[in-house]
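Report on the structure given below.
The values are calculated or read from the model by the stated rules, or taken from the named source; none is laboratory data. Nothing here was measured: the structure is a model prediction, and the numbers come from that model. So basically every Cβ, Gly included, is an ideal-geometry build from the backbone, and we count neighbours across all protein chains shown. Areas reflect the complete protein model, heavy atoms only, side chains present, ligands, DNA and RNA absent. Shrake-Rupley method; radii C 1.70, N 1.55, O 1.52, S 1.80 Å.
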Amino acid sequence: MKIYKANDFKDMSRKAANIISAQVILKENSVLGLATGSSPIGVYSQLIEWYKKGDIDFSRVTTINLDEYRGLAPVNEQSYRFFMNTRFFSHININMANTYVPNGMESDAECECARYERLISAMGGIDMQLLGLGHNGHIGFNEPGAAFEAYTHCVDLTQSTIESNKRFFAASGEVPRRAYTMGIKTIMQARRIVVIVSGEKKAQIVKEAFFGSITPRIPASVLQLHNNVTLVGDEAALSLL
Ligand code: GLP
């Protein structure tokens, strides 16, 4: 695993954006696995800035997102599709038809999860997967206890994730209880993984996930078994390493 230490959130975002832009420059039809949450916001802003300067071309890129709340339509401001469209896709020259997020409105979970896995295979797999890290070590929405062998599936969110994500909703009662997420196996099949972490609240879980034992109790710990992981964190998030 490579670790890049950044000074702060902006610097972390810039370093991670540099890695992603190098990927796209070297392979213009890259398949990028993307993430939501507060961690990647700065990465997307930086990539938009470089796109506007003419430094990156997204016209041949395909993106596939990690997860989506079940029951939220793309027009819902809290849906991850809405997040991706407004924070990233609508500002760059990507072909919207080549951007994929699980369909939160599909009630047949089996059908949606199988469709998502087929999509990823049809793309030839994910070249680079961007990941944030939940406070309990979750990646995507793979909560503690999630099977390392799981592919895309429907999950019940833990109370701690509902609590930490309620800041994005008007009331905690509005946070969906279920979500579709790529499974750990899906994530592990990405050829390269870039994890971004920021802030002192992540310091403890960063230490446990990357330097502790590999256990389903801390889903991100499985990343220790991947042969191409880059961790980009700010000083606060890496302070316990
Ligand atoms: C959500 C997402 C995760 C994300 C996590 C961390 O639960 N499903 O993919 O990594 O939040 O979010 P943040 O970056 O806001 O700390």
Ordered by number, the GluC sites (Glu not before Pro) in the stretch 48-84 that occupy a DSSP loop and have at most 16 other Cβ atoms within 10 Å are Glu77
Given a Förster distance of 22 angstrom, what is the FRET efficiency for Ser239 paired with Ser38, based on the Cβ-Cβ distance and rounded to 0.05?
-> 0.75
So what's the gap between the Cα centers of the stretch 41-76 and the stretch 199-241, to the nearest angstrom?
-> 24
Relative contact order for the stretch 2-234: what is it in percent, counting Cα pairs under 8 Å that are at least 6 residues apart?
-> 25
Net charge over other residues, Cβ less than 14 angstrom from the Cβ of Arg191 (K, R count +1; D, E count -1) = +1
What distance in nm separates the simple spin-label points at Ile3 and Lys166, each placed 7 Å from Cα in the Cβ direction?
-> 3.4
Asp57 to Arg87: FRET efficiency via 1/(1 + (r/R0)^6), r the Cβ-Cβ distance, R0 30 Å, to the nearest 0.05?
-> 0.95
Aspartates and glutamates within cross-link reach of Lys207: Cα-Cα under 19 Å, excluding same-chain residues under 8 positions apart?
-> Asp8, Glu143, Asp234, Glu235
Selected from Ser39, Met105, Asn65, residue furthest toward positive end of dipole (the stretch 2-234; charges at beta carbon) = Ser39
With no solvent and one point per C-alpha, what does the Debye sum give as log10 I(q)/I(0) for the chain at q = 0.09, 0.12, 0.13 Å⁻¹?
-> -0.34, -0.62, -0.74
If Ile184, Ile41 are ordered by their accessible area, calculated over protein heavy atoms with a 1.4 Å probe, which sequence runs from highest to lowest?
-> Ile41, Ile184
Could you please state, rounded to a whole Å, how far the C-alpha centre of the stretch 120-175 is from the C-alpha centre of the stretch 1-30?
-> 22
Loop-located trypsin sites (Lys or Arg not before Pro) in the stretch 1-82, at most 12 other Cβ atoms within 10 Å (DSSP) = Lys53
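Let me check I've understood the local charge: for Asn228, count other residues with C-beta under 13 angstrom from its C-beta, Lys and Arg +1, Asp and Glu -1. What total comes out?
Details: positive: Lys2, Arg191, Arg192; negative: Asp127.
That works out to +2.
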Only Lys, Arg, Asp and Glu count, each charged at its Cβ (+1, +1, -1, -1), so figure out the dipole size of the chain about its Cα centre, rounded to 20 debye.
-> 440
Compactness of the stretch 129-196 as Cα Rg over 2.2 N^0.38 Å, two decimals | 1.14
